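See below for the structure under consideration.
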Number of protein chains: 2
Amino acid sequence: MNVTGHTRSPASIRDVAAAAGVSYQTVSRVINGHPSVKPSTRERVLAAIDELGFRRSATALALASGRTRAVTVLTANTTHYGYASILQGVEEAARAASYAVGISVLESADEAAVAAEVQRAADAGGGLIVIAYDPAGVRALDAVPAEVPVVGVVETPASPPGENRPWVWTDDREAAYEATRHLLSLGHETVHYVAIPSSTRRTSARTGGWRQALKEAGAPQPRPVQGSWGPAGGHAAGRKLAKDPAVTAVLCGNDDLALGVLRALHEAGRPVPGEVSVAGFDDAPHSAYLTPSLTTVRLDFTGLGRSAFALLHGVLEESAQVAPHPVSVPELVVRESSGPPPS
Amino acid sequence: MNVTGHTRSPASIRDVAAAAGVSYQTVSRVINGHPSVKPSTRERVLAAIDELGFRRSATALALASGRTRAVTVLTANTTHYGYASILQGVEEAARAASYAVGISVLESADEAAVAAEVQRAADAGGGLIVIAYDPAGVRALDAVPAEVPVVGVVETPASPPGENRPWVWTDDREAAYEATRHLLSLGHETVHYVAIPSSTRRTSARTGGWRQALKEAGAPQPRPVQGSWGPAGGHAAGRKLAKDPAVTAVLCGNDDLALGVLRALHEAGRPVPGEVSVAGFDDAPHSAYLTPSLTTVRLDFTGLGRSAFALLHGVLEESAQVAPHPVSVPELVVRESSGPPPS
DNA sequence: GCTCCTTGTGTGACCGGTCACATTCATGCG
DNA sequence: CGCATGAATGTGACCGGTCACACAAGGAGC
């Protein structure tokens, strides 16, 4: 209750010890739930803790024991839906485990800048979660010193981080495959693809899944159109595609890109889905409310973030509740933007 | 270079001191740029630092000196555009100042839950930035203990936090006023309003600005429709408004809400802007690419985040670069979704 | 009765830095 | 020449916890 008033500098365990008439070590035992403390003593200590408003200093704990109970998320972006959702998932899980969450943004993909940022993040102590969906993130994952515990959120298990480190992923390849199959099954001769910037030199998982579906169907394989992350990139790509009357189906690397494509098609006077079908990726919250509403593939980013934390938590504490990977299955959501090709 | 190999536990200043043949205090002086160190000594120490790969422990620094060089952002949400952008601004500014950024989400607006979360955030040391645009945030701001440095990001300067604490804000009132005036100037008899959940018992700043514009114009003042934060809430509100043929102009508390309203109007067969004009709030990245593209008011959330950090930074270090409040002016962006009423 | 183990508690060192003060040596100046 | 002054460096305590170990009291086993 701290009726006594002025709590200048917050009480330390020695203050509590003095108030309870025990040694500081006994106080430490009480706050750590050590078994061999006489109940009456424990009671007294707890009373003192309550009265003095004692709160154990996270800093001192970290210094003395090495346990930091903190994770830092390294990411190139915090506003895009997928990234923000992963972050949210990490935060949820971390909060449940009483971990602090730090965030560190990779502003530039420049090698040196990334390395510096990784260093800063590592200095914060605790573990790292690196979102490696883009070049900056991939570089960051590579730059993490070997002794720092880290979990990567990667695009695909086919491109594992350099060393033997844990990572989580959504099955983007499968998701892209599904979406492409859907469009083909509607009768489209082929499906064009507007890509997000690739995280690797090689083709991305999404591109791979798309290509595989085309191949299996024996459909022509057009060159992917390079987009960016946002609607502006989609718009630019869409303008090119809109000019080609042969284009009847477009798969986009994410929903923002799809939005830009939708807009470009509208401006070009090509109705969706009457003339052209469009599908997105991620199922962002607004996609269901667009006109036409967007066919897309839903990915469980929040769950991905939770898994990433769980994994890291297991590495940091040997109380390794390494929950079996509940890799969620991507789910195709069919809406108005996809339909049969014009006859 | 650390050619010697195995850096087991990271080097401490005493290790560096031993390697350089000086005392640990001298090492401390070097890393802190203290003037009275002989250049030749400094040189030697720096060489040792480099060789051992020494990095000063943030934890030890925090414990010994009290300076934490960290801020924690308390927010009810991380995915909505406005919130995410504020966070991004904070992070940018913090990174530039070599501060670590923590994030802590208020999952529930429940009094006790909020208090617990605030405590956890305060324990992390450093300062707090509370985004108080919603009930949970407002409660959090109230719950911050007096001795903890905090800056609030509030809806309006007219409702200051309880005590005498610094805060930043966007001029939401002015922004809503502008947007409403715009719609009225097009010839609409009045403007309906779909509100975001209010942060206070009293009417929000946005609601206030809207109302004032109506009043000055002598227009009828319809009851605001209560929305939520996302498109789903806008959709529900839009369905009600669509039924009323008298409704020709709708202002929405944010762009997501506007998206839902747009969709509802479309479903009801009421063309925008032919029959109904719609305006949003925030200028989210996708708003420019909607069909019809959305008239909205752009607010500089990123700048707001930067200001919040700058202010907090000033409080934390007396090197108070309390940059003069560069409160950005909200900017009306007129696009396709607003036009004259049907004649 | 003595050792031995268990339970409950206290002591000192330590984590990796900072801070206040002491010390040494070379100067400047009366 | 003696002493105050300042530059350059070292020493010990401290921040608020934890850890390893010592120690006293009480009961079981011989």
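The values are calculated or read from the model by the stated rules, or taken from the named source; none is laboratory data. Everything numeric in this text was worked out from a predicted model, so none of it was measured. Quick reminder, even Gly has a Cβ in these numbers, built from the backbone with ideal geometry, and neighbours come from all protein chains shown. With ligands, DNA and RNA removed, areas are computed over all heavy atoms of the protein, side chains included. Shrake-Rupley method; radii C 1.70, N 1.55, O 1.52, S 1.80 Å.
The alpha-carbon of A:LYS243 sits under 30 angstrom from the alpha-carbons of these lysines, leaving out residues fewer than 8 places away in its chain: A:LYS215. Placing R0 at 45 angstrom, the Cβ-Cβ distance between A:ASP123 and B:ALA246 gives a FRET efficiency of 0.15 after rounding to 0.05.
Buried surface between chains A and B: roughly 3800 Å² of accessible area, summed over both sides, computed with a 1.4 Å probe on protein heavy atoms only. With the label put 7 angstrom out from Cα along the Cα-to-Cβ vector, B:ALA246 ends up 5.8 nm from the copy partners, going from closest to farthest. For chain B, the longest principal axis of the C-alpha atoms and the axis of helix B:231-243 are separated by about 10°. Net charge dipole, the range A:213-343: roughly 560 debye, given to the nearest 20, about the Cα centre with Cβ charges of +1 for Lys and Arg and -1 for Asp and Glu.
Here chain B is assigned +1 on the Cβ of each Lys and Arg and -1 on the Cβ of each Asp and Glu. Its dipole about the Cα centre then comes out at about 540 debye. Calculated mean residue ellipticity at 222 nm for chain B: -13000 deg cm²/dmol, from DSSP H runs with n ≥ 4 weighted as -39500 (n - 2.57), summed, divided by the residue count and rounded to 500. Seen against the Cα atoms of chain B and their longest principal axis, helix B:111-123 is set at about 30 degrees.
Full extension of the chain segment joining B:SER328 with B:LYS38 gains 99.6 nm, where the gain is 0.36 nm per residue of separation less the Cα-Cα distance.
All alpha carbon pair distances within the range A:13-56 were sorted into 10 Å bins beginning at 0; the resulting P(r) in whole percents reads 35, 61, 4.
Exposed loop sites here are GluC sites (Glu not before Pro) assigned a DSSP state other than H, G, I, E or B and surrounded by at most 11 other beta carbons within 10 Å; excluding them, the longest clear run of chain B is B:164-317. If one computes the Cα centroid of the range B:82-133 and of the range A:240-291, what distance in Å separates the two points? First find each Cα centre; the distance between them is then 37 Å. Specify the angular offset, from 0 to 90 degrees and rounded to the nearest 10, of the alpha carbon long axis of helix A:81-96 from the longest principal axis of the alpha carbons in chain A. With both axes taken from Cα atoms, the answer is about 20 degrees. Here B:SER65 yields copy-to-copy label distances, from shortest upward, of 2.6 nm, the label point defined as 7 Å from Cα along Cα to C-beta. A crude spin-label estimate for the pair B:ARG67 and A:VAL315, with each label 7 Å from Cα along the Cβ direction, gives 3.1 nm. For A:LEU128, the residues 5 or more places off, or on other chains, whose built amide H falls under 5 Å of its own are A:THR72, A:VAL150, A:VAL151. Comparing B:SER293, B:SER23, B:SER98 in a Gaussian network model of chain B (Cα springs below 10 Å), the most mobile by mean-square fluctuation is B:SER23.
Within the shell of other residues whose beta carbon sits under 15 angstrom from the beta carbon of A:THR302, the net charge comes to -4, with Lys and Arg scored +1 and Asp and Glu -1.
Placing a label point 7 Å from the Cα of B:ALA112 along the Cα-to-Cβ direction, the distances to the matching points in the other copies come to 5.5 nm, shortest first. Per the Debye formula on identical point scatterers at the alpha carbon atoms of the range B:70-207, with no solvent, log10 I(q)/I(0) at q = 0.12, 0.14, 0.16, 0.20 Å⁻¹ is -0.51, -0.66, -0.82, -1.18. The spread of Cα positions in the protein assembly as shown, taken along each principal axis and listed from longest to shortest, comes to 82, 65, 57 Å.
Over the C-alpha trace of the range B:208-311, radius of gyration and Dmax come out as 14.8, 49 angstrom. Given the options B:GLY314, B:VAL247, B:SER338, identify the residue whose Cα lies farthest towards the positive end of the charge dipole of the range B:199-343 (+1 on Cβ of Lys, Arg; -1 on Cβ of Asp, Glu). Among B:GLY314, B:VAL247, B:SER338, the one farthest towards the positive end of the dipole of the range B:199-343 is B:VAL247. Around the Cα centre of the protein assembly as shown, unit charges on the Cβ atoms of Lys, Arg, Asp and Glu (plus for the first two, minus for the last two) sum to a dipole of about 980 debye. For the protein assembly as shown, with all protein chains in place and a probe radius of 1.4 Å, 53% of the accessible heavy-atom surface sits on carbon or sulfur. Between B:ALA76, B:ALA308, B:ALA17, the residue with the greatest mean-square fluctuation in the GNM of chain B (Cα pairs under 10 Å linked by springs) is B:ALA17. Using DSSP, restrict attention to beta bridges with both residues in the protein assembly as shown and report what percent are antiparallel, rounded to the nearest 5. For the protein assembly as shown, the DSSP antiparallel bridge percentage is about 15. The Cα-based radius of gyration and maximum Cα-Cα distance (Dmax) for chain A are 26.0, 89 Å. For chain A, a Gaussian network of Cα nodes joined below 10 Å ranks A:PRO330, A:PRO145, A:PRO245 by mean-square fluctuation, and the top entry is A:PRO245.
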